[in-house]
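Nothing in this text is a laboratory measurement; each read-out follows from the coordinates by a stated rule. Quick caveat, the model's predicted, so the values are computed rather than measured. Note that we place each Cβ from the backbone using ideal geometry, even for glycine, and neighbour counts take in every protein chain shown.
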Amino acid sequence: MSRIAAPASGIPWWNSAPAPFPIFEGELEADVMVAGGGIAGITLAYSLIEEGASVLLFDAGQIAGAASGRNAGFLMVAPAEPYIEAIALWGRPGARAMLDSGRKSHQRVRQLVEALGIECEYASPGSLRLTRSEEEAEDHRASLPLMKQDGFPAQEIRPADAMPGGAHDHFVAAFRCEEDGEFDPVRFIHGVARAAERRGGRIFMQSPLASAWWTGSAWEARVNGGLARARTLVIATNAYAPQLCPALAPLIAPRRGQMLVTEPLSRRVATCPTYAQWGYQYWRQLADGRLMIGGWRDLDLDGEVGFETEPNEKIQGGIEQGLRELVPEGASVTARWAGTMGFARDGRPLIGWLDAEHHLAIAAGFTGHGLGMAAACSLDLCQLLTFRPAPAISSYDPARFPELRRIEPGLTLLGARER
């Protein structure tokens, strides 16, 4: 399959490269060790520090350099799919838990932005779900009363009232959710990470956690040839979690998402974050007029599996067709890229203890909803790590998967076998 180069420098969030974090060397100890510097790991680290814990965090690349920094920056309370689908998959309580996590996560992001003074272009303009078929429209219509009953009202509006510029002809129906928002995820994550540093957190980039083992009272880990120790270890590497813990391989799979961005447009074609086609298509126009558009993964679901982060012509061709619908006069593409997401087997993240006896936890498998859920999930996981009840994430308990309940004598060795 042909490939198209996708330099990270072309992603709008990385146009102004943030200051680097240090690379780990030597030996350090802390209460909690976190593997993964995306939105889940960084917000968890900050929440733990707020609780008085000492924290070490390691990322194999740049902080926010994986999926957390290669997306459209949506803050969605509800997943893009119709609510009745979520109820069919997870039951009413499970579906409502996803909405609760989305609302709580948006509130947590806004609270951190305001309290820490993070300049990340945060806004709360609401969002749109556009449908391309009557079947999709009917599923969203059937979801409206159920969402209202559960405290998450949305409304149907005319596509012509939802979209400027005439592109509404390509859509059957439009649904508006008022609670949703948008931001620059890299500036946000780096802002929280710097705040964690100021409060004593130790955060390291280009420092992959290669192996870790339980000593009988704590975890020890090899990182860049150095040694880190902590009572508790949290895997927050999303799609890459099975590389550290192979037992997760049947439960979390890597899925690629592709995007592109245009030069600044002379008119507005999108007033808020927008999903279409069952959530497989999405776009957002930045304040400077550039249009970010991506998805179309349903054109090749089997091909969009794995850790490859180079875009390809098949999916990019679909995205370009969507771009032509929104901007028929044409727009120059200035960058293309892809990111690898972690998809959980049942569509819900794994948040909680992997092995409570050995103080091993996880926050991964967000199934494309990491920006919309992770800040809340990490807040609740923080409670669980201090052995307090965390009912909000009970439906995300990894123990729902029988494979993880049958591991004997527990998960006490991760990554490479050599220490």
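Label positions at Glu29 and Gln321, each projected 7 Å from the Cα along the C-beta direction, are separated by 6.1 nm. Beta bridges from DSSP with both residues in the chain: antiparallel share about 70 percent, rounded to the nearest 5.
Given +1 at the Cβ of Lys and Arg, -1 at the Cβ of Asp and Glu and no other charges, the dipole of segment 1-145 around its Cα centre is 440 debye to the nearest 20.
Rounded to the nearest 20, the size of the Cβ-charge dipole of the chain about its Cα centre is 500 debye, with Lys and Arg at +1 and Asp and Glu at -1. Each semi-axis of the equivalent ellipsoid for the chain is √(5λ) with λ an eigenvalue of the Cα gyration tensor; in descending order they amount to 35, 23, 20 Å.
Between the listed residues Ala88, Trp214, Phe74, the Cα displaced farthest toward the positive end of the dipole of the chain, a dipole computed from Cβ unit charges relative to the Cα centre, is found at Trp214.
Shape verdict for segment 1-98, please, from the Cα gyration tensor: rounded (a/c under 1.5), prolate (a/b greater than b/c) or oblate. Here segment 1-98 falls in the oblate category.
Dipole of segment 297-353 (Lys/Arg Cβ +1, Asp/Glu Cβ -1, origin at the Cα centre): which of Pro311, Trp337, Ile351 lies farthest to the positive side? Working it through, the farthest residue towards the positive pole turns out to be Ile351.
When only the Cβ of Lys, Arg, Asp and Glu is charged (+1, +1, -1, -1), the dipole of segment 127-203 relative to its Cα centre reaches about 720 debye. Counting only Cα atoms, segment 296-381 measures 59, 25, 22 Å along its principal axes, largest extent leading. Across the chain, the relative contact order, built from alpha-carbon pairs under 8 Å that are at least six residues apart, equals 24 percent. Using the Cβ of Gly117 as centre and a radius below 14 Å, the other residues enclosed give a net charge of +1, where K and R count +1 and D and E count -1. Projected onto their three principal axes, the Cα atoms of segment 341-393 cover extents of 28, 19, 14 Å, largest first.
Of the residues Glu135, Glu156, Glu403, Glu304, the one with the fewest other Cβ atoms within 10 Å heads the list, and the complete ranking is Glu135, Glu403, Glu156, Glu304.
Look at Met33, Met341, Met163 and count the other Cβ atoms within 10 Å of each Cβ; fewest to most, that gives Met163, Met341, Met33. Full extension of the chain segment joining Glu263 with Glu310 gains 14.8 nm, where the gain is 0.36 nm per residue of separation less the Cα-Cα distance. Its DSSP H runs of at least 4 residues, each contributing -39,500 (n - 2.57), put the calculated 222 nm mean residue ellipticity of the chain at -9000 deg cm²/dmol, to the nearest 500.
Can you give the angle from 0 to 90° between the axis of helix 313-326 and the longest principal axis of the chain, with both taken from C-alpha atoms, to the nearest 10? Between helix and principal axis, roughly 50 degrees. Extension gain, Ala356 to Arg406: 0.36 nm times the residue separation minus the Cα-Cα distance gives 16.6 nm. Estimated at 0.36 nm per residue, the fully extended path between Asp346 and Leu227 surpasses their Cα-Cα distance by 39.3 nm.
3J(HN,Hα) along segment 35-46, derived from phi through the Karplus expression 6.51 cos²θ - 1.76 cosθ + 1.60 where θ = phi - 60°, amounts to 9, x, x, x, 5, 5, x, 5, 5, 5, 4, 5 Hz, with x in place of Gly and Pro.
To the nearest ten degrees, helix 134-149 and the longest principal axis of the Cα atoms of the chain are 60 degrees apart. Across segment 274-346, Cα-Cα distances exceeding 18 Å account for 41% of all pairs. Our summary of shape: the Cα atoms of segment 55-169 have principal axis extents of 49, 39, 28 Å, ordered from largest down, in whole angstrom. Under the criterion of Cα pairs below 8 Å and six or more residues apart, the relative contact order for segment 32-189 equals 28 percent.
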